[in-house]
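Chemist: Before I ask anything, here is the structure I am working with.
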Amino acid sequence: MSIRFQADNDLKFAIVKAVRRREPAIDSASAHEAGLEGVGDPELLERAAVANRVLVSHDRRTMLNHFRDRLAVGKASPGLLVVSQDAPIGPVVESLMVLWSVSDPAELRDQAYHLPSLIRHVFPR
């Protein structure tokens, strides 16, 4: 099974388009396609979990806290990828493609990574 991505409300659509253009086999849904426009962070995380999709977001200010809170109450997540707002699109797309091609979805479960660097954010348990 391959990793499936879910863009949140604030992720630049150019990233979703570029991923689709570079590798059409990657299942990457935009917030609009998934009906997530205007949905708050905790609900975004829940819907991504129900759909078994790794959430991709620019929102590092609050999303990491909501992700941490979700894990703290025992709720699982397919994963969270936080993209810096000012990161060039090319390296972000390349990072998503690398994750998709070499990772098993279980490797991202309950993990948060920063893109394009792929630095893992560690949450104490």
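Rule-based calculations on the coordinates, nothing more; no lab input. Every value quoted in this text rests on a predicted model; they were computed, and no experiment measured them. With ideal geometry, Cβ positions are generated from the backbone for all residues, glycine too; neighbour counts draw on all protein chains shown.
Chemist: To check you understand DSSP bridge types, tell me what percent of the beta bridges within the chain (both residues inside) are antiparallel, rounded to 5.
Modeler: 20 percent
Chemist: In the chain, which longest range has no GluC sites (Glu not before Pro) that are both DSSP loop (not H, G, I, E or B) and surrounded by at most 13 other Cβ atoms within 10 Å?
Modeler: Longest site-free region, per DSSP loop and neighbour criteria: 38-125.
Chemist: Quick one: if you stick a label point 7 Å off each Cα along the C-beta vector at S101 and T62, how many nm between them?
Modeler: It is 3.6 nm.
Chemist: Assuming R0 = 30 Å, what is the FRET efficiency of H32 and A72, from their Cβ-Cβ distance, to the nearest 0.05?
Modeler: Rounded to the nearest 0.05, the efficiency is 0.50.
Chemist: In addition: Around L118, what is the net charge, scoring Lys/Arg as +1 and Asp/Glu as -1 over all other residues with Cβ under 13 Å from its Cβ?
Modeler: So the surrounding residues net to -1.
Chemist: For the chain, find the longest principal axis of its Cα atoms and tell me its angle to the long axis of helix 89-102, 0 to 90°, nearest 10.
Modeler: It is inclined by approximately 70 degrees.
Chemist: Follow-up. Along the charge dipole of segment 50-125, pointing to its positive end and built from +1/-1 on Cβ of Lys, Arg, Asp and Glu, which listed residue (M97, V56, F123) has its Cα farthest out?
Modeler: Positive-end residue among those listed: F123.
Chemist: Could you tell me the calculated FRET efficiency between E94 and A14, based on Cβ-Cβ distance and R0 = 22 angstrom, to the nearest 0.05? Show your work: numbers first, answer last.
Modeler: Values: r = 14 Å, r/R0 = 0.64.
E(calc), rounded to 0.05, equals 0.95.
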